[in-house]
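The values are calculated or read from the model by the stated rules, or taken from the named source; none is laboratory data. Please read these numbers as outputs of a predicted model, since none were measured by experiment. Glycine gets a Cβ as well: all are built from the backbone with ideal geometry, and neighbour counts include every protein chain shown. Ligands, DNA and RNA are stripped out before the accessible areas are found, and what is left, the full protein with its side chains, is counted by its heavy atoms. Shrake-Rupley method; radii C 1.70, N 1.55, O 1.52, S 1.80 Å.
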Amino acid sequence: MPPRLPVLSWRYFLGRKNSALPCVLDHCHVLPTTSGRAAIALALRLAGCTPGARVLVPTYHCPTMVAPAVALGAEPVFYPIDAVGEAAFDALPLEVIRSCRAMIVPHYFGIPRDMSRVRAFCDAEGIVLIEDCAHAFFGTAAGRPVGGWGDYAIASMTKFFPVGEGGCLIGRSADVEGVKLGTRSVQAGLRILADALEMASAHGRLPGLNTLLAGVFRAKRMARGGDAPASISAPPVARTLDQAIQAAQRDFAQGALPFRRLTRVAHLLVGMGSKERIVRQRQKNYRWLAGRLSGMRGAYPLMPECPSSAAPYVFPLWVKKPDEVYQLVRRSGIPVFRWDDRWPDTPRLDGDAGDLWARHVFQIGCHQDLTPEDLEWMAKTLEELIDNQDQA
């Protein structure tokens with residue numbers, strides 16, 4: 001079964017540590033965090049989003065984009081996106097826009113977007129722009145590196161590197177470096193390393209150590225009851241708004257994990273990897289999927305081109321009959337997800353593509369640790385499951 005996220009391997013350490021494509025870590029003012037959502041919470045704090053503040057967020061989102069704002073007592077104000085995923089903030093009344101303190105704008109799927117229009121809009125209205133680079137650790141748009149458009153930017157390491165935690169907060173000024181974060185134990189770092197090694201051995205990516213590591217982790221699981229690590233998470237359970245708010249407040253309570261330091265182990269692992277290989281392989285895999293899946297009857301590539309200025313996070317596939325096949329695709333073992341589990345009170349807005357994308361867009365893995373055999377199996381399985389359903 002293909003790995004759902006990047007996996008530690010010997011190849012991870014081979015190649016140039018730096019990439020010709022700009023990386024968010026290249027910026028001057030970078031604060032490592034435990035996750036991308038932790039970085040959002042910290043950015044909102046620095047932006048002055050105190051209880052009662054309003055924050056503009058897109059209708060097409062993962063709930064982890066909204067949860068930090070709600071946990072801090074802010075009110076999310078949802079803006080629509082257009083057919084190509086651009087922020088359609090003009091659709092909102094001007095008095096609503098001017099009541100907002102901050103705006104979160106993502107680079108969907110890791111394809112960097114020209115944010116000059118939204119940058120000018122935020123400047124004109126006195127809104128703090130938080131650039132969401134959770135999908136775009138590398139890249140440029142309109143000649144500017146990702147992370148360089150916002151007053152603050154956030155990114156996620158776990159989507160691009162074989163680590164179980166990690167994100168970062170990027171700032172235009174040194175204020176991000178003054179943020180005080182809680183300490184972490186040595187045991188936390190060892191768990192991160194152990195998890196990375198266990199996943200690597202499960203996928204056979206460390207020749208010479210695989211057998212030894214597999215035996216060690218098998219013994220560990222047996223000592224804990226014999227449970228094997230789950231490879232596919234359970235489908236999300238629908239939550240009420242109150243339940244979502246309570247969960248967010250627990251997750252972002254004072255002293256909780258989002259407000260603690262990134263483990264040194266995770267930080268070291270990220271620094272040791274070949275960024276050149278990450279960029280090259282993701283571009284290659286995305287382009288292969290775009291060509292291979294372009295002839296499907298029941299689906300088509302939402303964005304068939306992968307520019308050289310991008311290191312994509314996922315490959316977006318538009319599926320014509322999504323509800324009939326999504327769980328079948330998930331259960332097959334293909335690394336896939338969609339954002340149908342949005343924040344509970346996300347509205348349906350006229351002319352908004354966000355609601356359609358949430359159902360129809362399957363985000364297919366294209367990370368650097370998928371082999372050619374993985375990709376071919378994924379493509380054949382998608383054709384069988386989706387095109388067969390389309391014929392039914």
query = Excluding ligands, DNA and RNA, what is the solvent-accessible area per residue of the chain at a probe of 1.4 Å, expressed in Å²?
reply = 43
ask   = Percent relative contact order of the stretch 285-392, based on C-alpha pairs within less than 8 angstrom and at least six residues apart?
value = 37
message = Skipping prolines and chain starts, which residues have an amide H placed within reach, meaning under 5 Å, of the one on Lys159, given they are 5 or more residues away or on another chain?
response = none
remark   = Carbon/sulfur accessible area of the stretch 96-179, % of total, 1.4 Å probe, equals 48
key: Projected area, mean over directions - the stretch 52-139, Cα convex hull, nm²   = 5.5
query = Which is farthest toward the positive dipole end of the stretch 257-357 among Tyr326, Trp339, Ala310, measuring Cα position about the Cα centre, with Cβ charges +1 (Lys, Arg) and -1 (Asp, Glu)?
reply = Ala310
query = Ala141's amide H: which non-local residues (gap 5+, or another chain) put their own amide H closer than 5 Å, with H modeled 1.01 Å from N in plane and none for Pro or chain starts?
reply = Val146
task = When you have a sec, figure out the Kirkwood radius of the stretch 110-252 from all distinct Cα pair distances and drop it here in Å to one decimal?
result = 19.2
ask   = Can you give the translational diffusion coefficient of the chain in µm²/s, computed by Stokes-Einstein from the Kirkwood radius over Cα pairs at 25 °C and 0.890 mPa s?
value = 113
query = How much accessible surface does Cys28 have with a 1.4 Å probe, in Å² rounded to 10?
reply = 120
Mean separation of Cα contacts under 8 Å (6+ apart) over length of the chain, as relative contact order % = 25
The stretch 43-194: relative contact order as a whole-number percent, Cα under 8 Å and 6+ apart = 17
inquiry  = At 1.4 Å probe size, put His267, His367 in order of accessible surface, largest to smallest.
reply    = His267, His367
key: Where Asp387, Asp341 fall by accessible area, highest first, once all protein chains stay in place (1.4 Å)   = Asp341, Asp387
inquiry  = Among DSSP bridges having both ends in the chain, what percentage is antiparallel? Round to the nearest 5.
reply    = 60
ask   = Given the pairs Lys159/Lys220; Lys159/Lys180; Lys275/Lys320; Lys159/Lys321; Lys275/Lys380, which span a C-alpha to C-alpha distance of over 32 angstrom in this model?
value = Lys275/Lys320
key: Asp350 - accessible surface, heavy atoms, 1.4 Å probe, Å² rounded to 10   = 150
request  = Can you send over the carbon and sulfur percentage of the accessible area for the stretch 252-295, probe radius 1.4 Å, protein chains only?
outcome  = 54
Spatial separation of Cα centroids for the stretch 10-53 and the stretch 315-392, in angstrom = 27
task = Please list Arg98, Arg297 in order of solvent-accessible area, largest first, computed with a 1.4 Å probe with all protein chains present.
result = Arg98, Arg297
inquiry  = How large is the Rg to Rh ratio of the stretch 14-105 when both quantities use alpha carbon positions and Rh follows Kirkwood?
reply    = 1.06
remark   = Once all protein chains are kept in place, Thr381 shows an accessible area at probe 1.4 Å, nearest 10 Å², of 20
ask   = Which trypsin sites (Lys or Arg not before Pro) from the stretch 323-369 combine a DSSP loop assignment with at most 13 other Cβ atoms within 10 Å?
value = Arg348
